[in-house]
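I have a structure I would like to understand better, so I am pasting it below and will then ask my questions one at a time.
The values are calculated or read from the model by the stated rules, or taken from the named source; none is laboratory data. The structure displayed is predicted, hence computed values, not measured ones. Cβ coordinates were reconstructed from backbone atoms using ideal geometry, including for glycine residues, and neighbour counts include every protein chain displayed. These accessible areas exclude ligands, DNA and RNA; they are computed on the full protein's heavy atoms, side chains included. Shrake-Rupley method; radii C 1.70, N 1.55, O 1.52, S 1.80 Å.
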Amino acid sequence: MAKFEEADPRWKVKELGQQGTNVNNWHWTENDAFPLFKDMFTEKLDGKMLLQGVADAVPGLVADLNCWKLDKITGEASVAKRKGKKVIVIYELEVTVKWESTLKNVAGETISTSKGSYIMPCIDTVEEIDGFEIQVKCNKDGKEQDAANAFAKKQGQAALKAAIVAIIREIQEAAAASGAQGGGAALPSADKALSEQSDSLAKAQEKEKEKDKDKKNSGGSSSGAKGKITLDVEFNCPPKEIFECFTVPQKAMAFTQSKVVLGTTAGEPMSLFDG
């Protein structure tokens, strides 16, 4: 196994400097997905009628909720692929949507109307896909706005969460379909690395059995014999990448395809494969 800062002379990584990392996307490909998230949120939410139906708070009234403006979407998102097969969508977004709620009676007369904002301070990969918080802000609170505000808070909030979950799932499915069609090579997954170690151990044990068999056939005795098994596992990547696999949550999630908890300070909790 190569020592730190040493490499096979055929690898011209050192001469390439920073460009020598992940040459020709051999280990992985990672693409900026934030523009896609922004486009999808805009297409599905901006100026769209989110919900129409009967208001639970005031029976007999017909209500509608309009997301009249996608006021804010910031953050970052990426799609990481390992050999084009393992695909993970990583995102961390802050979103604000402006809403307008209107309640009418059977005659079509407006009984209550109100405006406000849905604020989502953190929609990210760490939480469950529908585990993000939605804060409801009403521009006005009063008797005339009560019914419309109640509709936006209860029924509208649930409808918005369902719409956002649908957007994220659509992006994930599109990314998975793209990965299934092929892509750049990747670092070995944790499962593959463990499998290789198990194979190496099995081969070593088989060799020991053969040695014992040879001793018996030659009249020797294997009782009390002691042996030493040495395993060398090579990871064809820079040491920096191995280190980041255990210290950078986003990379660890990309390799394990599961939730992780990591820290860089001694004593901090560490959990892989969702515990």
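Pick out the one residue from Glu94, Glu76, Glu109 that is open to solvent by 10 Å² or more (accessible area, probe 1.4 Å) and closer than 20 Å to Ile134 by Cβ.
From the options Glu94, Glu76, Glu109, the qualifying one is Glu94.
Considering each residue of segment 130-142, count those that are open to solvent by 30 Å² or more (accessible area, probe 1.4 Å) and in a loop (DSSP other than H, G, I, E, B), and give that number.
6
Does Gly156 satisfy the condition of being at pLDDT below 90 and crowded, with 17+ Cβ neighbours inside 10 Å?
No; evaluated as a whole, the condition is false for this residue.
Going through segment 28-49 one residue at a time, which ones are at pLDDT below 90 and open to solvent by less than 60 Å² (accessible area, probe 1.4 Å)?
Trp28, Thr29
Criterion first (in a helix (DSSP H, G or I) and modelled with pLDDT under 75) does Lys226 satisfy it?
So Lys226 fails the test.
Let me ask something else. Return only the number of the condition from (1) small (Gly, Ala, Ser); (2) in a loop (DSSP other than H, G, I, E, B); (3) buried (at least 21 other Cβ atoms within 10 Å of the Cβ) that Ala57 does not satisfy.
Result: Ala57 passes all but (3).
Checking Asp39 against (1) over 30 Å from Ile242 (Cα atoms); (2) in contact (Cβ under 8 Å) with a residue 24 or more places away in the chain, which test does it fail?
(2)
Among the residues of segment 84-93, is any touching a strand residue (DSSP E or B) at 6+ places or on another chain (Cβ under 9 Å), without any contact (Cβ under 8 Å) to a residue 60 or more places away in the chain and farther than 15 Å from Ala174 by Cα?
Among the residues of segment 84-93, at least one is touching a strand residue (DSSP E or B) at 6+ places or on another chain (Cβ under 9 Å), without any contact (Cβ under 8 Å) to a residue 60 or more places away in the chain and farther than 15 Å from Ala174 by Cα, which makes the answer yes.
May I ask you to list the residues in segment 60-73 that are open to solvent by less than 60 Å² (accessible area, probe 1.4 Å) and out of contact with any Ser or Thr (no Cβ under 6 Å at 6 or more places or on another chain)?
Those that are open to solvent by less than 60 Å² (accessible area, probe 1.4 Å) and out of contact with any Ser or Thr (no Cβ under 6 Å at 6 or more places or on another chain): Gly60, Leu61, Ala63, Asn66, Cys67, Ile73.
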